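K.L.:
Below is a structure I'd like to ask you about.
The values are calculated or read from the model by the stated rules, or taken from the named source; none is laboratory data. Note that the coordinates shown come from a computational prediction; the quantities given were computed from them, not determined experimentally. Here the Cβ positions follow ideal geometry from the backbone for every residue, glycine too, while neighbour counts run over all protein chains shown. With ligands, DNA and RNA removed, areas are computed over all heavy atoms of the protein, side chains included. Shrake-Rupley method; radii C 1.70, N 1.55, O 1.52, S 1.80 Å.
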Amino acid sequence: MPTKSSPERAAEAARSRYETERVSERLRELRLGRKLTISRLAELSKVPASTISKIENGQLRPSLVHAINLASALQENLGFLVARFRERPQPRVVVRRAERDTIEYPDMGLTLQDLSGHFLPGVLEARLGILARGAHSGVGSMTHRGEEFCLVLSGAISYRIDEETYDLGADEYLHFRSEVPHSWENAVADETLVLWVFSDGLSF
């Protein structure tokens, strides 16, 4: 991959700070709207209260596992992690390649591009996952309601579901109930590109 210039890195850092601020505002709004204290949300989500406090104060971006657990506890779609927030839903959506909302997880080597745009909230969410060398889903397994579908567009990904491991190459896919504990990692020494589709709108 081409090396990013200093202006590009600065713009990316500014965008990351902006996204963190928006997530903090949205998380606080959702929690207060459901009349939950930070302690109660911590109890429901299994995310430490100190971590929730840091997220709400813009000091920390939630990890993927924490984000999934918070969204599940709030019965909310994880679209609040990207810029669209679905404030003006539309019955038909066309999203050009350069217009996709993107969120970076540098500690995981993961870039997610939102493919749902400003579509009417529903049961499906789609993401394009760009997995750098060594990318992984985080420490420990994750669970969320519904189903998960992963199609490998290029490269390879290794999933662990319960005690079973599934290695997928290009043009191969996996479909499973996502209440089952699962994790994944990039299985090649290069970039992997995957299409993720989630039911129940609980995607990352």
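K.L.:
Consider only pairs whose beta carbons are under 8 Å apart and that are at least six residues apart or on different chains; among these, list those whose first residue lies in segment 36-48 and is under 15 Å from Ile68 (Cβ atoms) and whose second residue is of a type in the set (D, E, K, R).
P.N.:
The qualifying pairs are Leu41/Arg31.
K.L.:
With respect to Thr111, determine if the residue is open to solvent by less than 90 Å² (accessible area, probe 1.4 Å) and at pLDDT 90 or above.
P.N.:
For Thr111, the condition - open to solvent by less than 90 Å² (accessible area, probe 1.4 Å) and at pLDDT 90 or above - is met.
K.L.:
Conditions first: (1) under 18 Å from His144 (Cα atoms); (2) modelled with pLDDT under 80; (3) open to solvent by 40 Å² or more (accessible area, probe 1.4 Å). Ala11 passes all but one, so which condition is the exception?
P.N.:
(1)
K.L.:
If you check Glu179, Glu185, which single one turns out to be assigned to a loop (DSSP other than H, G, I, E, B), under 25 Å from Ala71 (Cβ atoms) and either in contact with a strand residue (DSSP E or B) (Cβ under 9 Å, 6 or more places away or on another chain) or without any contact (Cβ under 8 Å) to a residue 60 or more places away in the chain (or both)?
P.N.:
Result of the check over Glu179, Glu185: Glu179.
K.L.:
A further question follows. Regarding segment 73-96, can at least one residue be identified that is at pLDDT 80 or above and under 20 Å from Thr143 (Cα atoms)?
P.N.:
Yes: one or more hits.
K.L.:
Counting only residues that are open to solvent by 30 Å² or more (accessible area, probe 1.4 Å) and at pLDDT 95 or above, how many does segment 137-154 have?
P.N.:
Of the residues in that region, 4 qualify.
K.L.:
Follow-up. For Val123, only one of the following conditions fails: (1) loosely packed, with under 13 Cβ neighbours inside 10 Å; (2) free of Cβ contacts under 8 Å to residues at least 24 places away in the same chain. What is its number?
P.N.:
The number of the failed condition is (2).
K.L.:
Testing Val194 on (1) in contact (Cβ under 8 Å) with a residue 60 or more places away in the chain; (2) open to solvent by 50 Å² or more (accessible area, probe 1.4 Å), one condition comes back false. Which one is that?
P.N.:
(2) is the only condition that Val194 fails.
K.L.:
A follow-up question, please. Return a yes/no flag: does segment 152-163 have any residue that is hydroxyl-bearing (Ser, Thr, Tyr), under 25 Å from Lys46 (Cβ atoms), assigned to a loop (DSSP other than H, G, I, E, B) and touching a residue at least 12 places away in the same chain (Cβ under 8 Å).
P.N.:
No, because not a single residue in segment 152-163 is hydroxyl-bearing (Ser, Thr, Tyr), under 25 Å from Lys46 (Cβ atoms), assigned to a loop (DSSP other than H, G, I, E, B) and touching a residue at least 12 places away in the same chain (Cβ under 8 Å).
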